[in-house]
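The values are calculated or read from the model by the stated rules, or taken from the named source; none is laboratory data. Fair warning: this is a prediction, and the values are worked out from it, not measured in the lab. These accessible areas exclude ligands, DNA and RNA; they are computed on the full protein's heavy atoms, side chains included. Shrake-Rupley method; radii C 1.70, N 1.55, O 1.52, S 1.80 Å.
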Amino acid sequence: MPGEPSFWMFDFFGKVMPIFFAVIIGIIILSAGRGLLQWGRNNKQAVLTVDSRIVSKRTEINQHHHHEPNDHMSSRTNTTYYITFEVESGDRMEFTVNGQEYGLCAEGDSGRLTFQGTRFKGFERNMRFAREAGSEARYRDYGQF
């Protein structure tokens, strides 16, 4: 109405908040779209199995703190596991793996890597001891001293 003072705060929130929410929704849609595109690209790729060697392992730890009513604080930790493989050509590829696979692998392990695009499918380790024990194994007879 004419003559009434304008409340600038209501004008500010009335104009800025819808833009803010639109930007947040846009970021969410963009992230989901990128994930779906990568998923589709991976599905179109052939599943490959190649000889490889593990050259490094790393983890990424994210911790989130939440303040709850009554001054309680809770936290949540998420660990992401990564393994870098080197193939015969010298190319290196890093894959996200689960904790069990991460724990079973060690740097220097060699074997057969199976993957599809950027998706890790599995790693079958070569058994070092089985290969070394072939014809070179010597068994000592402890009964003859």
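For segment 51-114, the relative contact order comes to 42 percent (Cα pairs under 8 Å, sequence separation of at least 6). Accessible surface comparison of 91, 11, 71, 109, probe 1.4 Å, protein chains only, largest first: the order is 71, 91, 11, 109.
Near residue 109, the amide H atoms lying under 5 Å from its own belong to 54; only residues 5 or more places off or on other chains count, and H is placed 1.01 Å from N. Taking only protein heavy atoms and a 1.4 Å probe, the accessible area of segment 6-65 is 70% carbon and sulfur. Sorting 110, 89 by accessible area puts them as 89, 110; the probe is 1.4 Å, largest comes first, and only protein heavy atoms count.
Rolled with a 1.4 Å probe across the full set of protein chains, the surface gives residue 84 an accessible area near 20 Å².
Largest accessible area first, the listed residues 92, 125 line up as 92, 125 when surface is computed with a 1.4 Å probe on the assembled protein chains.
Listed by chain and number, the lysines whose alpha-carbon sits under 30 Å from that of residue 57, ignoring those within fewer than 8 places in the same chain, are 44, 121.
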